[in-house]
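Since the structure comes first, as structure tokens, the remarks are kept for the end.
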Amino acid sequence: MLTIGYIGNGKSTNRYHLPFVLQRDNINVKTIYRRNPAHDDWDKIAGVNYTSDLDELLNDKDIQLIVVCTRHDSHYEYAKQVLEHNKNCLVEKPFMETSEQAKEIFALAKEKELIVQSYQNRRFDSDFLTVQKVIEEGKLGELLEVEMHYDYYRPHVPESVHSFIPAFSFLYEHGCHTLDQVISYFGKPDSTHYDVRQLLGPGRMNDYFDLDLYYGRLKVSVKSSYFRMKQRPSFVVYGTKGCFVKETKDRQEEHLKLFYMPDNKDFGVDTLEYYGVLTYIDEEGTTHEEKVKSVNGDYGKVYDDLYEAIINGEDKVITDEQTLLQMELLETGVKNLK
């Protein structure tokens, strides 16, 4: 049994973590710390201890892993405290505000022979897993280009912001999802081109980014905007023999927002109308077009991997090197914005 606790009792903990953890018989949630009980907006979970005393959580000898689910400007301090109290640590994303902070936290964990990692649950998005399946089947031929889009039409958001803070930029807060997907599957790029903008001008929110990561002949583009009235496909993949288009995103977040939880068998599952379309030419020169059944996603896989690492000594799936590379890409992308 892996016994865990949480720092933070908001949307992150209750929407993106607990629904998956509570499904797992080998994980026990013992304590949730929140600074201000008067701000509790979520129903309490039976059998879980809620506290406003951080020391109670940090000094509990039963707890092996503490999950930090707070704003990312507090991630560094909380992660450091957790490790100094000899607890393993899982940190929401963006992992830290700078790569230097990340290096320090990883070094401290290594010194104490503990595990610390980022909660990169989007590695287990259905659309991303389906793209991997299509690539690995080989029908696309040699891979030439991958486009990844994460769009909104929310002009009221950037219009309401009148300052620029790098760690709270659009690139940091959303690129941390998609860039991790790229790094986890394709590795470190040979080079990267950055187009990161403040469409409303200097001193305003970063509301657009378009990063091209190059791997030999392959180009992987990560694109997002707050001003896309019509969203682009979630993924478009081009090869020498075909292409694959996945219009819609993973549905886990959609279902969680509706309080339709993972204990439902069809939670996050794509139905036929959401399947992506594969078009390719076979060895006889015949063109085929077919729908591809989506691979089911599961954000809880992050906890499965952590369980294996902490309890059984397996290697972490989300590595320090991958997280540091992601932090460096985020830092570089916003460094010239003001």
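The values are calculated or read from the model by the stated rules, or taken from the named source; none is laboratory data. No experiment lies behind these values; they were computed from the predicted model shown. Glycine gets a Cβ as well: all are built from the backbone with ideal geometry, and neighbour counts include every protein chain shown.
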Residues located in segment 152-182, provided they are polar (S, T, N, Q) and touching a residue at least 12 places away in the same chain (Cβ under 8 Å): S163, S169, T178, Q181
Residues (in a helix (DSSP H, G or I), crowded, with 18+ Cβ neighbours inside 10 Å and not β-branched (V, I, T)) located in segment 175-218: G175, C176, H177, L179, D180, Q181, S184
In segment 98-121, the residues that are under 20 Å from Y6 (Cα atoms) and not aliphatic (A, V, I, L, M): F106, Q117, S118, Y119, Q120, N121
All positions within segment 293-308 that are in contact with a Gly (Cβ under 9 Å, 6 or more places away or on another chain) and either over 17 Å from D250 (Cβ atoms) or buried (at least 19 other Cβ atoms within 10 Å of the Cβ) (or both): S294, G297, D298, Y299
Filter result for A79 (in contact with a Cys (Cβ under 6 Å, 6 or more places away or on another chain) and of a type in the set (A, V, I, L, M, F, W, C)): yes
Subset of segment 207-234 (residues that are among the small types (G, A, S) and either closer than 14 Å to V196 by Cβ or outside the structural domain of P155 (by TED's automatic domain parsing) (or both)): S221, S224, S225
Pairs with Cβ under 6 Å, 6+ apart, first in segment 51-73 and under 19 Å from L18 (Cα atoms), second of a type in the set (F, W, Y): T51/Y33; L57/Y33; V67/Y6; V68/Y78; C69/Y6
Any helices (runs of 4 or more DSSP H) falling wholly within segment 1-110 and containing at least 1 residues that are of a type in the set (S, T, Y): 75-84
All positions within segment 241-291 that are of a type in the set (S, T, N, Q), surrounded by 12 or more Cβ atoms within 10 Å (Cβ to Cβ) and over 19 Å from L22 (Cβ atoms): T248, T279
